[in-house]
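Contents: one structure, followed by commentary.
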Amino acid sequence: MTQQQLLNNITIEFDPRSQLCEAASHFYKQGWMLGTAGNLSVKLKDGSFWITGSGKSKGELCLDDFVRVYPDVYPEGTEAVINEAIAPQFKALKPSAETSIHQVIYEIFPEVCACYHVHSIEANLVSNFVEGDELPLPALEMLKGLGVWEENPNCTMPLFTNHFHVPKIAADIRSYFQSNQKKQTQVPALLIRNHGITVWANSPKTAFHYIEVAEYIFRYMVAAKKAGI
Ligand SMILES: CSCCC(=O)C(=O)COP(=O)(O)O
Ligand SMILES: [Zn+2]
């Protein structure tokens, strides 16, 4: 086999970890991933996804701080612990404690390949602006940054209870979107009360932008409430 034939046979798999390290570092500097808060994942062509390791400082991640999760292997809701014998380089590294939320997002939205979750103060504040399970969003121009291109949009973001057992949050998300097909097309984001926001997108860069846009909208909502608008 010629060298060119050999090269033609090599499939170089996309590795999103460096991009995720940069995104986490940026969000950390914004104060949105302090104290190990938040988790980022990117799904690959084979359906597995790289996700930040649990309890890692998100402002100083390196490539070994990520775990590759194979949903078929780990039923949703169980802790996908990497067996050290299989992957000694991942010694004592577990995937995010919120892996089940990423799994359910990839299940509900099969075209999605990036899921980002951060904890901002504003997200926690606005999560208490309403008691129900949907947060009305102001009709700002910035909603276009979440893919809402409508005249006078009447948008809400789904709001979920912050159960201590994270797979229960994931189960609530699944039942919400399964019983509400229409809601799947509103904004690509959800809020967990007194916890943080999760967004999903067709690329890591778009997910990055969705986090920035959503946090802008939350900052506006907090400032508007303070100003009595
Ligand atoms: C202090 S963060 C508490 C856990 C959490 O909500 C989070 O987003 C980070 O958890 P992980 O297991 O992904 O580090
Ligand atoms: Zn969290």
Which of 49, 109, 164 has the fewest other C-beta atoms within 10 Å, and how do the rest follow up to the most?
164, 109, 49
Would you be so kind as to identify which of 220, 110, 132 lies farthest towards the positive end of the dipole of the chain, taking Lys and Arg as +1 and Asp and Glu as -1 on Cβ and the Cα centre as origin?
220
If each residue's Cβ is checked for other Cβ atoms within 10 Å, how do 137, 93 rank with the fewest at the top?
93, 137
Residue among 27, 171, 9 farthest towards the positive dipole end of the chain, charges placed on Cβ:
27
Would you mind checking 94/225; 29/226; 45/94 for any pair whose Cα atoms are more than 32 angstrom apart?
94/225
Taking H as built 1.01 Å from N, whose amide H comes closer than 5 Å to the amide H of residue 66, not counting residues under 5 places away?
53
Looking at the square roots a ≥ b ≥ c of the eigenvalues of the Cα gyration tensor of the stretch 13-227, which shape do they give, rounded for a/c under 1.5, prolate if a/b is larger than b/c, or oblate?
prolate
Counting only DSSP beta bridges with both partners in the stretch 13-227, the antiparallel fraction in percent, to the nearest 5, comes to 90 percent
Suppose every Lys and Arg Cβ carries +1 and every Asp and Glu Cβ carries -1, with no other charges. What dipole size does the chain come out with about its Cα centre, to the nearest 20 debye?
300 debye
Collect residues whose amide H, placed 1.01 Å from N in the peptide plane, falls under 5 Å from the amide H of residue 135; neighbours closer than 5 in sequence don't count.
157, 159
For the chain, what is the relative contact order in percent, using Cα pairs closer than 8 Å and at least 6 residues apart in sequence?
20 percent
Could you order peptides 217-227, 30-40 by the average number of other Cβ atoms within 10 Å of their residues, highest first?
30-40, 217-227
In the stretch 11-68, what trypsin sites (Lys or Arg not before Pro) fall in a loop by DSSP, with at most 10 other Cβ atoms inside 10 Å?
45
What are the ³J(HN,Hα) couplings of the stretch 138-146, residue after residue, when phi is run through the Karplus curve with 6.51, -1.76, 1.60 and θ = phi - 60°? Round to Hz, x for glycine and proline.
x, 7, 8, 4, 4, 4, 4, x, 9
Reach of residue 205 by Cα under 19 Å, taken over aspartates and glutamates that are not fewer than 8 positions away in the same chain:
13, 15, 22, 111, 215
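Taken together, the values in this text are just the output of simple stated rules run on the coordinates, not laboratory data. Please read these numbers as outputs of a predicted model, since none were measured by experiment. Positions of Cβ are generated from backbone atoms using ideal geometry, with glycine treated the same way; all protein chains shown enter the neighbour counts.
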